[in-house]
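The structure under discussion appears below in the form of structure tokens.
The values are calculated or read from the model by the stated rules, or taken from the named source; none is laboratory data. Because the structure is a prediction, the values reported are computed rather than measured. Note that we place each Cβ from the backbone using ideal geometry, even for glycine, and neighbour counts take in every protein chain shown.
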Amino acid sequence: MRLTRNIKLAWNGFFLLMAVFFCGLAILVFFFPATINNFAESYKQNYVTQHRVMGEQVIKSLQQGNSVPIQNLLRDDLGEIKKGDRLYPIKRHLLLTLVQQSYKQQEYKIWVKWAKGWYQLDDRDVTAMAYYYAALLQNDEDYEKGMLGLKDASARFPKHLLLRKFYQAQISGPAIAKDQAQDAIN
């Protein structure tokens, strides 16, 4: 009987401490919201900074010719990031860098794969559209779709330099196309 009483006292004491803790937390939230907001802001900044640093590291390795780390980061860590998310600008920058570099190094499989993924992620991004349609031109099955897409997109966005260069390069001929498109990227 005495043991049961001690257990009841221990549980009651535990629940009392939890009640005091949560009351204190409620007071903190209601009377000092700036403290909570500061904590949340610092947490968000650390989260974004961590991914920004990882992005800079994989871009350095990409510039040295190794595209595997940036592809792994985009696929694994940033794979679920959608437009409007806090990390989307970082993901977009990494996609742009990867697509540009794979185009320059003539790694067409990588270029086509990531340009398609980027365009599917944001079909209103005109730069993604330009790289996607230009990537479709690398495959005989999708060539017509790519050419039609470039034509329509360059008509819709006549001031977009990269889109216009890719389209002009294709209609002027395949020999000149590579040089003109390369100039557009640089």
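Among all residue pairs at least 6 apart or on different chains, which show Cβ distances below 7 Å where the first residue, located in the stretch 48-62, is over 14 Å from residue 98 (Cα atoms) and the second is of a type in the set (Val, Ile, Thr) and assigned to a helix (DSSP H, G or I)?
Within 7 Å, the pairs are 51/90; 52/90.
I'd like the full set of residues that are closer than 18 Å to residue 95 by Cα and in contact with an Asp or Glu (Cβ under 9 Å, 6 or more places away or on another chain), limited to the stretch 134-166. Can you show your working first?
First, the residues of the stretch 134-166 that are closer than 18 Å to residue 95 by Cα: 134-136, 162-163.
Result: 135, 136.
Just give me the residues in the stretch 159-177 being over 18 Å from residue 132 (Cβ atoms) and at pLDDT 90 or above, in sequence order.
Of everything in the stretch 159-177, just one residue is over 18 Å from residue 132 (Cβ atoms) and at pLDDT 90 or above, namely 159.
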